[in-house]
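Encoded as structure tokens, the structure appears first; notes follow it.
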Amino acid sequence: NGIVLVTKKLKKISIDNNGVISAQAGATDAEVARFARDCERTGLEFLLGIPGTIGGGIKMNSGAFGSEFKDILIDVTAVNLSGEFRVFSVKELGMEYRKIGISNEWIFCKARFKSSSDSKENIDNKMKQILRLRKNYVFQKPHHLF
């Protein structure tokens, strides 16, 4: 019972003149990290190490490599089942370790993230390091067959 909302096509990512990156909820974390790199914006590299989408990452306050969504999030636009739109600040979301403090009635549509300027080369090096660490972690972990 209920409504299923597929955010797969909500993938638009953009940047404004102040370096604020906006991403719709269906954009993958990795796509946003690469977009930031291509725009020479740093701070979002850790997203490369998180499988999933922006909407899911906000819902869980996902994190990796010492950073989490609450560290970079400015605000999020959400809609409820009545069709009401609302913008929530990070503080209003009540983000904690792997959870947030707002009702499940709110469905995330898009988010805005802060970033800083850096060279594409430096950002790319950080991203390569994250991929190396992630790969090493996955292959060092014992795998069990069921």
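Given a cut-off of 19 Å, name the pairs among K59/K120; K12/K135; K70/K91; K8/K59; K70/K110 whose C-alpha atoms lie farther apart than that in the structure shown.
Violating the 19 Å Cα-Cα cut-off are K59/K120; K12/K135.
By how many nm would the segment from V20 to F65 lengthen if fully extended, with 0.36 nm per residue of separation less the alpha-carbon distance?
Between V20 and F65, full extension yields an extra 14.0 nm.
Which residues' amide hydrogens lie under 5 Å from the amide hydrogen of T53, considering only partners 5 or more residues apart or on another chain, with H built in the peptide plane?
It is D29, by chain and number.
Explain nothing, just the number: dipole magnitude of the chain about its Cα centre with +1 on each Lys and Arg Cβ and -1 on each Asp and Glu Cβ, in debye rounded to the nearest 20.
420 debye
With N residues in segment 51-102, what two-decimal value do you get for its Cα radius of gyration over 2.2 N^0.38 Å?
Dividing the Cα radius of gyration by 2.2 N^0.38 Å gives 1.13.
Hey, what do the phi angles of segment 115-129 turn into as Karplus ³J(HN,Hα) couplings, whole Hz, using 6.51/-1.76/1.60 and θ = phi - 60°, x for Gly and Pro?
8, 10, 7, 7, 6, 4, 4, 4, 5, 4, 5, 4, 5, 5, 5
Can you give me the distance in nm between label points at E84 and R98, each placed 7 Å from the Cα along the Cα-to-Cβ direction?
So the two model labels end up 3.1 nm from each other.
Would you calculate, for the chain, the mean residue ellipticity at 222 nm contributed by helices, counting each DSSP H stretch of 4 or more residues as -39,500 (n - 2.57) and dividing by all residues, to the nearest 500? Intermediate results must be reported in sequence, preceding the final value.
Details: 5 runs with 46 residues, N = 146.
Result for the chain, helices only: -9000 deg cm²/dmol.
Quick one: divide the alpha-carbon radius of gyration of the chain by 2.2 N^0.38 Å and tell me what you get.
Against the empirical 2.2 N^0.38 Å value, I get 1.09 for the chain.
Check which residues have an amide H placed less than 5 Å from V20's amide H, if you skip close sequence neighbours.
Under 5 Å from the amide H of V20: no residue qualifies.
In the chain, which longest range has no GluC sites (Glu not before Pro) that are both DSSP loop (not H, G, I, E or B) and surrounded by at most 11 other Cβ atoms within 10 Å?
Within the chain, the longest run free of exposed GluC sites (Glu not before Pro) spans 1-83.
Taking the solvent-accessible surface of protein heavy atoms with a 1.4 Å probe, what is the per residue accessible area of the chain in Å²? Provide the component values of the computation, followed by the final result.
Working: 9090 Å² over 146 residues.
Value returned for the chain: 62 Å² of accessible area per residue.
Rounded to whole Å and sorted largest first, what semi-axes of the equivalent ellipsoid does the C-alpha gyration tensor of segment 1-84 yield via the square root of 5 times each eigenvalue? Before the final figure, lay out each step's value.
Details: eigenvalues 102, 43, 29 Å².
Taking √(5λ) for each Cα gyration eigenvalue gives 23, 15, 12 Å.
Compute the length gained on full extension between S119 and K135: take 0.36 nm times their separation in residues and subtract their Cα-Cα distance, giving the result in nm to one decimal.
Contour length minus the Cα-Cα distance gives 3.3 nm.
What part of the accessible area of the chain, given as a whole %, is carbon or sulfur when the probe is 1.4 angstrom?
Whole-percent figure for carbon plus sulfur exposure: 52.
Once amide H atoms are built 1.01 Å from N in the peptide plane, which residues 5 or more positions from K110, or in another chain, come under 5 Å H to H?
Correct list: A25, T77.
Which of the aspartates and glutamates could be linked to K128 by a straight reach, that is with a Cα gap under 12 Å, when you skip same-chain ones fewer than 8 residues away?
Output for K128: E45.
The values are calculated or read from the model by the stated rules, or taken from the named source; none is laboratory data. From a predicted model like this one, the values you see are computed outputs, not experimental measurements. Every residue, glycine as well, gets a Cβ built from its backbone with ideal geometry; the counts of neighbours run over all protein chains shown. Ligands, DNA and RNA are excluded from the accessible area calculation, which covers all protein heavy atoms including side chains. Shrake-Rupley method; radii C 1.70, N 1.55, O 1.52, S 1.80 Å.
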